[in-house]
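Enquirer: I have a structure I would like to understand better, so I am pasting it below and will then ask my questions one at a time.
Derivation of every value follows stated rules applied to the coordinates shown; laboratory data play no part. Note that the structure is predicted; figures quoted are calculated from it, not measured. Cβ placement follows ideal geometry from the backbone for every residue including glycine, while neighbour counts extend to all protein chains displayed.
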Amino acid sequence: MAASSLPPLADILPPLVLGGGGFSYQLISDPQSIPISDVIKSAFEAGIRAIDTSPYYEPSEQLLGKALSQPEIANHYSRSEHVLMTKVGRITADKSDYSATWVRQSVNRSLERLGATYLDVVFCHDIEFVTDEETIEAVGELLEFVRNGKVRYIGLSSYFIPLLSRRANMVRERFGRPVDVIQTWSHMSLQSSRLETEGLKAFNEAGVSCVLNASPLAIGLLRAGRVPQGRLGDFHPAPAGLRKAAQDAGAYVSRQGDNLAALALRYAVWRSVACSNGSVRVCTITGISSIADLTENVEAVQKVLLSTDDTSRRLSSSCTINQTQVEKDLPLFQKVQEILGGWVNYSLINPEVG
């Protein structure tokens, strides 16, 4: 399909996206043990027909490709019925390569791993680790893939909102077109509202009409218990004080008969839909590592969103906010942020990059 004939990405994404980071060594000691085919099949049945991953989330791409090729998925869902998103540039925790040569190699490898003839979206991954010109070089190479039909949409990803805004404007100036989508993480959550208060206006001014809010739980911070640890150990950037405040918030929510992880996801999805309008749409990426995770996530989102189809509870872009649930949740949202106190809008990664 020619790029000029593609619908806006914002029109085809569901409100909730399956995050492939949940199938990585960063978060799970043994991702090969996850029944990924079952997770994907159940996600697709629930309307979550978009997947975001990265080569950096080793071995997520390989596991996803194997799962998507299984008959119970491949025979029931054509390639056009789901959105595949991956990334280029970030290789390991301390190595990035944004050269045109590596971008070509990485995209072709992702196509092979995922068993796909095209990728819906490819992001430049964690642009804070490279220079402006390196980002521009990578985008230029991705646009070659767009021209030959192997990639449909391109995007930028980073934690840092000012940096994303500035480089999105650079891309628009250099190539005469904006990036299709921006992905940032943890900034539309109970811990940070900076995507809502700072990011959306800046991104929209750069011509971006689709924004993905990843890590609505702040990489597992906003849940009962400790942050997740995989084979690579404790990599979470939150300092001890913030971790303690999050644990206190989790204990409080549990005493009220609720679950902080579910509450945090309801908050993020509520704000993402509430902030979406005719010029920009926000979708939420959530990491899932088991059927239990998926069930909990779907149930949480189904509480805060209403399907416009009375015969189905599937999540879709046409879902609307359940104001009754939001009003019920508001006191808990406010109390959690009160417990977090001065840690609200604290930058998880310092110093800020812009």
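Enquirer: Using only alpha carbon positions, build the gyration tensor of the range 1-71, then give the equivalent ellipsoid semi-axes as the square roots of 5 times its eigenvalues, largest first, whole angstrom.
Expert: Working through the eigenvalues yields semi-axes of 24, 14, 12 Å.
Enquirer: If R0 is 22 Å, what FRET efficiency do you get for Glu198 and Glu173 from their C-beta distance, rounded to 0.05?
Expert: It comes out at approximately 0.55.
Enquirer: At q = 0.09, 0.12, 0.15 Å⁻¹, what base-10 log of I(q)/I(0) does the Debye formula yield for the chain when every alpha carbon is treated as an equal point scatterer in vacuo?
Expert: Debye curve over Cα of the chain, log10 I(q)/I(0) at q = 0.09, 0.12, 0.15 Å⁻¹: -0.45, -0.84, -1.39.
Enquirer: Then there's this: Given R₀ = 35 Å, FRET efficiency for Ser29-Glu112 by Cβ-Cβ distance, to 0.05?
Expert: In this case the efficiency is close to 0.85.
Enquirer: If I model a spin label at Arg79 and Arg226 as a point 7 Å from the Cα along the Cα→Cβ vector, what separation in nanometres do I get?
Expert: Taking the two extended label points, one gets 4.4 nm.
Enquirer: Hey, what did the range 160-219 get for relative contact order, percent, Cα under 8 Å, at least 6 apart?
Expert: RCO, the range 160-219: 42 percent.
Enquirer: Still on this structure: Looking at the chain, what % of its DSSP beta bridges pair antiparallel, to the nearest 5?
Expert: 15 percent
Enquirer: Evaluate the Debye formula for the range 242-309 with equal point scatterers sitting on the alpha carbons, no solvent, and hand back log10 of I(q)/I(0) at q = 0.14, 0.19, 0.29 Å⁻¹, in q order, two decimals.
Expert: -0.52, -0.87, -1.25
Enquirer: Please list 3J(HN,Hα) in residue order for the range 128-140, calculated via the Karplus relation 6.51 cos²θ - 1.76 cosθ + 1.60 where θ = phi - 60°; whole Hz, with x for glycine and proline.
Expert: Along the range 128-140, the couplings run 5, 8, 9, 7, 4, 5, 5, 4, 4, 4, 5, 4, x Hz.
Enquirer: A further question on this structure: Which of the peptides 139-149, 37-47, 216-226 is most tightly packed, and how do the rest follow, going by the mean number of other Cβ atoms within 10 Å of each residue?
Expert: In decreasing order of mean packing, 139-149, 37-47, 216-226 become 216-226, 37-47, 139-149.
Enquirer: I've got another one for you. Given H placed on each backbone N at 1.01 Å, which residues far from Ala50 in sequence or on other chains put an amide H within less than 5 Å of it?
Expert: Result for Ala50 returns Leu18, Val83.
Enquirer: Considering Cα pairs under 8 angstrom that are at least six residues apart, work out the relative contact order of the chain and quote it in whole percent.
Expert: 21 percent
Enquirer: Highest mean first, how do 331-342, 19-30, 185-196 rank when packing is the count of other Cβ atoms within 10 Å averaged over residues?
Expert: 185-196, 19-30, 331-342
Enquirer: State, in angstrom, two size descriptors of the range 139-217 derived from its alpha carbons: Rg to one decimal place and Dmax to the nearest whole number.
Expert: Cα radius of gyration and Dmax of the range 139-217 are 12.9, 41 Å respectively.
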